[in-house]
Amino acid sequence: MFRFLTQLGNYVILLKKVFSKPEKAHVYYKQTLHELVYLGFNSVGIITIISFFMGAVITLQTAYNTENPIYPTYLIGLGCRDSIILEFSSSVAALILAGKVGSNIASELGTMRVTEQIDALEIMGVNSASYLILPKIIATLLFNPFLTLISIIVGIMGGWMAGTLSGVITSEDFIYGIQYAFIPYYITYSLIKTLFFAFIITTVSSYHGYNVEGGSLEVGQASTKAVVYSSVLILLFNVILTQLLLS
Amino acid sequence: MIKVSHLNKSFNGQPVLSDVSVTFEPGKTNLIIGRSGSGKTVLLKSIVGLHEIDSGEIWYEDTLFNKLDFNSRKEIRKEMGMLFQGSALFDSLTVEQNVRFPLDMFTDKSMEEKLDRVNFCLNRVDIHNANKLFPSELSGGMKKRVAIARAISLNPNYLFCDEPNSGLDPLTAILIDDLIKEITLEYNMTTIVNTHDMNSVMKIGEKIVFISDGYKCWEGTKNEILDSDCAILNDFVFANALAGQLKKSKGKPDQSSTSS
């Protein structure tokens, strides 16, 4: 318990350093653009591929589990849409990003720490936490909602392709299903969750990477910890946010 | 001038530096020497504020550095340049961007002025046509020289070098030593160099502080070091086979060849 509180305290102290006034706004702006490409744009590929196949699998699973004449087939499209919007594109995609982006951030900062690059920034009088972490937070908060939207679109497209190509549902029924009883707030709910998850992934991973002590072994351990802690926190906040936003 | 007074530093209750007091003079190459694990790097990192000390005082001119908060320290840190053991160049930036970095952060110069300064600093350390290279494309000696160029880009008053010769061949090590010495004189900086290389000691050392097991055991000049009656220091100085033989034959290294 004491260790947990110490870690929580150190995390809060790090965040305080991160959100202090930047030295030079234009340097941070350039760094944020770099992170947008590095952490955001470079994640489009994996999110697209996984969303497409998950959409396909959700459609096929729904179809095989609702094989009953009582249920109208358009419910397959509806199930696919709601599963993707409510859970997959925000929560599951966040878990995937925790693996990709989280380990990336932790290993980058950890390597900078053990090779004294962070010390070099401090010696120059640069607030290293703010310079290195703040652009990552801004970049993920800006770009992850787009990733979620891309995931929703591609996931539903994957479901439509799998459903129509396998013959479990007609194109008309699927399209009717994804339009049926649509609640636009679900998109808002999904995007709000995405923002929270983006903040968790970036800050928790940065915390573990920034505070590495030792060598390459510890960098690897920090990377693993970043993914594990981010994932657990995402799952925990998923429950809390769902209760708060949908109840 | 940098003055360290009764400095104590421990890690997890284990003392690493005990009651270290020393004054580092401006315009001179001050050396901290000692065996590996003696506390040299901890002393250097404590002086620059990378380690918080347990007790004692660190003065930069008339400012008590260790009592300043982060923002107040920033002003003094802009006067510092540091050469790290592993160079600590930013991997994601090119040579030019690395040297330009302090200028981007702390000056309002135009890009043209900044590039002029970058090229001046790189020429000063004898690096040519490498502006667009990344640190991973440089040799160990080149990395050190680029790190020196970055350290002097803001015309600092204080230069700190942590094991500047580690991992370098003897000839490159001499080049780096010469460069540190020349730059110190040229900019009248207070330079502190951490080393366990006796060649560096005899080549560039003007004021030498010997640290052993966290204590300051000896302080003096490179001429005095050969006549010291400090047994631990003599063990360290004459550990080198050639120096040991010279001592046995009651000779001393040729002063003319070691003086700069």
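Could you give the nm distance between label points at B:CYS230 and B:ASN188, where each point is 7 Å from its Cα heading toward the beta carbon?
The two pseudo-label positions are separated by 3.0 nm.
Using the Cβ atoms and a cut-off under 15 Å, what net charge is assigned to the surroundings of A:ALA162, where Lys and Arg are +1 and Asp and Glu are -1?
0
Between B:VAL16, B:VAL48, B:VAL209, where does the largest GNM mean-square fluctuation fall for chain B, given springs only between Cα atoms within less than 10 Å?
Maximum fluctuation in the GNM of chain B, among the listed residues, is at B:VAL16.
How well do other chains shield peptide A:121-132, expressed as the mean number of their Cβ atoms within 10 Å of each residue Cβ?
Values: counts 5, 8, 15, 15, 14, 7, 3, 0, 0, 0, 1, 0.
The mean count of partner-chain Cβ atoms within 10 Å per residue comes to 6.
If I take the Cα coordinates of the protein assembly as shown and project them onto the principal axes, what are the three extents in Å, biggest first?
106, 52, 43
Once both labels are modelled 7 Å past Cα along the beta-carbon direction, what's the B:ASN199-A:PHE199 spacing in nm?
5.6
Would you calculate, for chain B, the mean residue ellipticity at 222 nm contributed by helices, counting each DSSP H stretch of 4 or more residues as -39,500 (n - 2.57) and dividing by all residues, to the nearest 500?
Numbers: 11 runs with 103 residues, N = 260.
Computed ellipticity for chain B at 222 nm equals -11500 deg cm²/dmol.
Would you mind working out the magnitude of the charge dipole of the protein assembly as shown relative to its Cα centre, with +1 at each Lys and Arg C-beta and -1 at each Asp and Glu C-beta, to the nearest 20 Debye?
Roughly 160 debye for the protein assembly as shown.
Which whole-number percent is the relative contact order of segment A:126-247 (Cα, under 8 Å, 6+ apart)?
29
Hey, what did chain B get for relative contact order, percent, Cα under 8 Å, at least 6 apart?
26
If I take R0 = 60 Å and measure r between the Cβ atoms of A:LEU75 and B:SER5 in this structure, what FRET efficiency does the formula 1/(1 + (r/R0)^6) give, to the nearest 0.05?
0.15
With label points built 7 Å along Cα→Cβ from the Cα atoms of A:PHE182 and A:ILE13, find their separation and express it in nm.
Spacing of the two 7 Å Cα→Cβ label points: 5.1 nm.
First measure r as the distance between the Cβ atoms of B:GLU61 and A:LEU33, then evaluate 1/(1 + (r/R0)^6) with R0 = 41 Å and state the FRET efficiency to the nearest 0.05.
Working: r = 40 Å, r/R0 = 0.98.
Calculated value: 0.55.
None of the figures in this text is laboratory data; all of them are computed from the coordinates on show. Small disclaimer: the values here were computed from a predicted structure and weren't measured. Cβ coordinates were reconstructed from backbone atoms using ideal geometry, including for glycine residues, and neighbour counts include every protein chain displayed.
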